[in-house]
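*Asks:* Below you'll find the structure I mean.
Just so you know, all these numbers are worked out from the coordinates, no wet-lab data involved. This structure is a prediction, so every number in the text was calculated from the model and none was measured. Note: ideal-geometry Cβ built from the backbone for every residue, glycine included; neighbour counts use all protein chains shown.
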Amino acid sequence: MAAPTTSPSLPPALADAVRDDASLRRFLHGLPGVDQVGVEQRAAGLGTRSIKKAAKLWAIDAAIGMVDLTTLEGADTPGKVRSLAAKARRPDPDNPDVPKVAAVCVYPDMVATAVGELRGTGIGVASVATAFPSGRSSLKVKLEDTAFAVEAGATEIDMVIDRGAFLSGRYGQVFDEIVQVKHACGDAHLKVILETGELATYDNVRRASWLALLAGGDFIKTSTGKVSPAATLPVTHVMLQAVRDWRTQTGQLRGVKPAGGIRSTKDAIKYLVAVHEVAGPEWLTAELFRFGASTLLNDLLMQRRTQLEGHYSGPDYVTVD
Amino acid sequence: MTMWEYAPAPESRDIANLKPTYRMFVDGQFVEGGGEPLKTVNPATEEVLAEVSTATAADVDRAVKAARRAYDRVWGRMPGAERAKYIFRIARLVQERARELAVLESLDNGKPIRESRDVDVPTAAAHFFYHAGWADKLGHAGLGPDPRPLGVAGQVIPWNFPLLMAAWKIAPALACGNTVVLKPAETTPLTALVLAEIIQQADLPPGVVNVLPGAGDVGAAVVSHPDVDKVAFTGSTDVGKTIQRQLAGTGRKLTLELGGKAANIVFDDAPLDQAVEGIVNGIFFNQGHVCCAGSRLLVQESVADELLEKLRVRVSALRVGDPLDKNTDVGAINSREQLVKIQELASSGEAEGAERWTSSCPLPDKGFFFAPTVFSNVSQAMRIAREEIFGPVLSVLTFRTPDEAVAKANNTPYGLSAGIWTEKGSRILWAAQKMRAGVVWANTFNRFDPTAPFGGYQESGFGREGGRTGLEAYLDV
């Protein structure tokens, strides 16, 4: 393993865990297991919380402020990114009190356009890098991809881990890649995409979460949105437990970002309930929790109007950008 | 950062169709009982919900006679397939009136609507469905080619799961061809009387099911009535012993389902987050008013601190309050008497040197509430490790080796249930075989299903309810 640039604030036990490949493996396999039936039951149970009235309005505004408004299509154009940026600045033109979204997320070649459009707004520019979405390229290409996005002005980098390396047990390699990408990020925040749909078990999700946290990821993120299943509630539960336990052991706060497949306000609120009750209320902020989504925002806006106006107006009253 | 307060989401109490008075159900009719009427109270507000007529010894006699008549003339000789139709009809009606029953149960008992809606009522319906399926297949249950019903069953049920226990008792009795005289608990008679309405609605022949509300004296009259062929009792160990003494030598069949002090054993390789969920579900489900509650946590020393820390964080997030609020996790203690008993036992824990931790959750000003409490540094000699508390109080003990865990788990006069938490399958099987408990859950707790037999060892009683085994208690085999 390359000399890791782990944070010196890691407690000795954790610093030992990343000393070499074997200790890393021992550490990750020594984490408590995840019981599938139990975690799915708990996720389903929390999903039945009834959130309404003032609590729902609060949740809707909080969720809007946590959205990473995303366009990741081969057909993306500067025009598309510009209109997305406009939407990010002012999600609901009729209601200026609607909060801004947290960030706009684009491919690296679109970063410059997004940065130009969002300068001075406080909205972040996130970019997927490291041979997104498969992660199948040389480390050199991945680092250059990252550097390209950062130089163009991205404030947040969403990297994908090498799932092939992870599944074949080459944890050291995955660790090194995250450490080096983190280094290439400079001041930009690093979100590590685990692509949980390809990790197959909750035990793997927990191990990958810890691996990303040990390597210095600022956020752990479920999915690229290109693989099904993408974000699910039980997977997010496991990741929220990981950041909660990380805080217990190190005192550091790291974030979680479910991405892909969260389309309705109802779903988003279920995630916020999980954040609130699994990780804790401190995580209910865009600094520590994000939604990766492209269509969720419109449903949030429609439901917000419904709450305030007392009736449902329909999709023609929100913009389609 | 702003705190996120969930808005109250109360279920409408109108759904319960609460009536000012309820009467006992004898021979197919709702009739006035001869006893002093009792007032049933909402434990969350201390307001009187309804007045309920109670039975006297004469009423008990009338009900038993009606049950005997129904048994001799109709029910006992009816083909199983016919009986099944009636029982299926009850099951469907319970489902149709599920919301009403859930709200009424939460009002009368104090349990959160989330539990009455998602557990009590659906499981009650499931018991009728399951046993309806057995009614015409008793000859294939492995209990002999032609098992016969026993006759009149006298049944006394507790206040912790009023509707579910009624279903649990009535469904197998009817499926096997017996008729029933049921006495619901004094503090929670309402859903059993609505179940009687359902039984009337299902057009069961008069006398097949009779429901007699009242206090312990009515229960005593039911179980000691000479014309009752089978007694089934769920409740406290003390009362169970009295009943056993009364019935000794009479040749009448008896099953007892009594108290418990279950051990929930967490080994160091357990899925800790799910173990925490299981521990919470084991002791705080239904405010801990569960005879098989996991009230003793036995945790391996090497993970004890980590687990306890996680447990405290989790328990702090439990929402205690209005049982009708859909977001409430822990509701009201069923009665003032029970609250005082819990308080007394919790104080004994402190006095005997255990370390008390209580959730800082806010409690309502009115009603009977007790904040979730965890005692650590508990030893086997303390009262809180030996006596059943029947409330939201967990005692935590530690162990170092698997043998020690099993020895401590079995070191109790009770033996109703146990939990084992480990990722190692062979250890689950090993520990489950060593455990002297009627139910052993592995990596889960408090799961109920009509197909699984339930019952105890030692002072937790004898006989099994549910499943194929449970039929035996209602059949002459």
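*Asks:* Using a Förster distance of 60 angstrom, determine the FRET efficiency expected from the C-beta separation of A:Ala13 and B:Glu32, and round it to 0.05. Numbers along the way, then the final one.
*Replies:* Working: r = 72 Å, r/R0 = 1.20.
Step by step, r from the Cβ atoms, then E = 0.25.
*Asks:* From a point 7 Å beyond the Cα of A:Arg89 in the direction of its Cβ, which residues of region A:111-142 have a backbone N at a distance under 13 Å?
*Replies:* Those under the cut-off are A:114-123.
*Asks:* Right, next: Return the calculated 222 nm mean residue ellipticity for the protein assembly as shown, to the nearest 500 deg cm²/dmol, obtained by summing -39500 (n - 2.57) across DSSP H runs with n ≥ 4 and dividing by the residue count. Mind showing how you got there, number by number?
*Replies:* On the way: 28 runs with 326 residues, N = 798.
Computed ellipticity for the protein assembly as shown at 222 nm equals -12500 deg cm²/dmol.
*Asks:* On a straight-distance basis, which lysines could pair with B:Lys19 in a cross-link, Cα separation under 18 angstrom, same-chain partners fewer than 8 positions away excluded?
*Replies:* Within reach: B:Lys39.
*Asks:* Once you average over the residues of B:7-13, how many Cβ atoms of partner chains fall within 10 Å of each Cβ?
*Replies:* Details: counts 9, 4, 6, 1, 1, 0, 0.
What the average comes to for B:7-13 is 3.
*Asks:* Taking a ≥ b ≥ c as the square roots of the eigenvalues of the Cα gyration tensor of region A:142-283, is the shape rounded (a/c under 1.5), prolate (a/b larger than b/c) or oblate? Before the final figure, lay out each step's value.
*Replies:* On the way: a/c = 1.39, a/b = 1.35, b/c = 1.03.
In terms of gyration-tensor shape, rounded.
*Asks:* How big is region B:254-327 along each principal axis, measuring the range of its Cα positions in Å and listing the largest first?
*Replies:* So the extents along the principal axes, rounded to whole Å, are 42, 38, 14.
*Asks:* Let me ask another. Obtain the radius of gyration and the Kirkwood radius of the protein assembly as shown from its C-alpha atoms and give Rg over Rh. The partial results should precede the final answer.
*Replies:* Values: Rg = 30.1 Å, Rh = 28.9 Å.
Ratio of gyration radius to Kirkwood radius for the protein assembly as shown: 1.04.
*Asks:* Follow-up. Which FRET efficiency value, to the nearest 0.05, is calculated for B:Arg383 and B:Ser316 with the Förster distance at 35 angstrom and r the Cβ-Cβ distance? Provide the component values of the computation, followed by the final result.
*Replies:* Details: r = 26 Å, r/R0 = 0.74.
Efficiency computed from Cβ-Cβ geometry: 0.85.
*Asks:* Let me ask you something else. Taking the Cα-to-Cβ direction at B:Glu350 and at B:Gln200 and moving 7 Å from each Cα, how far apart do the two end points lie in nm?
*Replies:* 4.9
*Asks:* For an R0 of 41 angstrom, estimate the FRET efficiency from the Cβ-Cβ distance between A:Gln249 and B:Gln458 and round to the nearest 0.05. Kindly include the intermediate steps, with their values, before the conclusion.
*Replies:* Values: r = 43 Å, r/R0 = 1.05.
Rounded to the nearest 0.05, the efficiency is 0.40.
*Asks:* At what distance in nm do the modelled label points of B:Asp227 and B:Arg99 sit from each other, each positioned 7 Å from its Cα along Cα→Cβ?
*Replies:* For the pair B:Asp227/B:Arg99, the computed spacing is 4.3 nm.
*Asks:* Ranking A:Thr265, A:Thr121 by Cβ neighbours within 10 Å, fewest first, what do you get? Intermediate results must be reported in sequence, preceding the final value.
*Replies:* On the way: A:Thr265 24, A:Thr121 14.
So the residues, fewest neighbours to most, are A:Thr121, A:Thr265.
*Asks:* Shifting gears a bit: Under the classification rounded if a/c is under 1.5, otherwise prolate if a/b is larger than b/c and oblate if not, where does chain A fall, given a ≥ b ≥ c as square roots of the Cα gyration tensor eigenvalues? Don't skip to the end; give the middle numbers.
*Replies:* Details: a/c = 2.02, a/b = 1.32, b/c = 1.52.
It is oblate, given that a/c is not under 1.5 and a/b is not larger than b/c.
*Asks:* Which entries in the list B:Lys137/B:Lys424; B:Lys169/B:Lys241; B:Lys341/B:Lys434; B:Lys111/B:Lys253; A:Lys80/A:Lys142; A:Lys221/A:Lys270 go over 27 Å, if you measure between the two C-alpha atoms of each? List each step's numbers first, then the result.
*Replies:* Values: B:Lys137/B:Lys424 38 Å; B:Lys169/B:Lys241 19 Å; B:Lys341/B:Lys434 32 Å; B:Lys111/B:Lys253 33 Å; A:Lys80/A:Lys142 25 Å; A:Lys221/A:Lys270 17 Å.
Pairs exceeding the cut-off: B:Lys137/B:Lys424; B:Lys341/B:Lys434; B:Lys111/B:Lys253.
*Asks:* Which whole number gives the average count of other chain Cβ atoms within 10 Å of the Cβ atoms across peptide B:306-316? Don't skip to the answer; put the middle values down first.
*Replies:* Values: counts 4, 1, 0, 2, 5, 0, 0, 4, 2, 0, 1.
Partner-chain Cβ atoms within 10 Å, mean over residues of B:306-316: 2.
*Asks:* For chain B, what is the convex hull volume of the alpha-carbon atoms per residue, in Å³?
*Replies:* Taking the convex hull of the Cα positions in chain B, it is 140 Å³ per residue.
*Asks:* Could you tell me, in Å, what Rg and Dmax come out for the Cα atoms of region B:263-442?
*Replies:* Cα only, region B:263-442: 15.6, 49 Å (Rg, Dmax).
*Asks:* Quick one: go through region B:29-54 and flag any residue whose amide nitrogen is under 18 Å from the point 7 Å out along the Cα-to-Cβ line of B:Thr21.
*Replies:* Within reach of a label on B:Thr21: B:29-41, B:48-54.
*Asks:* For each of B:Ile90, A:Ile178, B:Ile283, A:Ile123, count neighbouring Cβ atoms within 10 Å of the residue's Cβ, then give the residues from fewest to most.
*Replies:* On the way: B:Ile90 27, A:Ile178 24, B:Ile283 30, A:Ile123 21.
Listed from fewest to most nearby Cβ atoms, that is A:Ile123, A:Ile178, B:Ile90, B:Ile283.
*Asks:* Another question about this same structure. For region A:1-96, what class follows from the C-alpha gyration tensor (a ≥ b ≥ c being the square roots of its eigenvalues): rounded when a/c is under 1.5, otherwise prolate if a/b is larger than b/c, else oblate? Kindly include the intermediate steps, with their values, before the conclusion.
*Replies:* On the way: a/c = 2.65, a/b = 1.51, b/c = 1.76.
It is oblate, given that a/c is not under 1.5 and a/b is not larger than b/c.
*Asks:* A follow-up question, please. Among the lysines, which fall within straight-line cross-link reach of A:Lys87, defined as a Cα-Cα distance under 19 Å, with same-chain neighbours fewer than 8 residues apart omitted?
*Replies:* A:Lys100
*Asks:* I would also like to ask the following. Angle, helix B:301-316 long axis vs. longest principal axis of chain B, Cα atoms, 0 to 90°, nearest 10?
*Replies:* 70
*Asks:* Suppose the chain between B:Ser302 and B:Ala248 were pulled fully straight at 0.36 nm per residue; how much longer would it get relative to their current alpha carbon spacing?
*Replies:* Values: separation 54, 0.36 × 54 = 19.44 nm, distance 4.86 nm.
Difference between extended and current length: 14.6 nm.
*Asks:* Separation between the A:Leu31 and A:Lys80 pseudo-spin-labels, each 7 Å from Cα along Cα→Cβ, expressed in nm?
*Replies:* Going from the A:Leu31 label point to the A:Lys80 one covers 3.4 nm.
*Asks:* Shifting gears a bit: Multiplying the sequence separation of B:Arg77 and B:Ala215 by 0.36 nm and subtracting their Cα-Cα distance, what value in nm do you get?
*Replies:* Details: separation 138, 0.36 × 138 = 49.68 nm, distance 3.31 nm.
Separation in residues times 0.36 nm, less the Cα-Cα distance, equals 46.4 nm.
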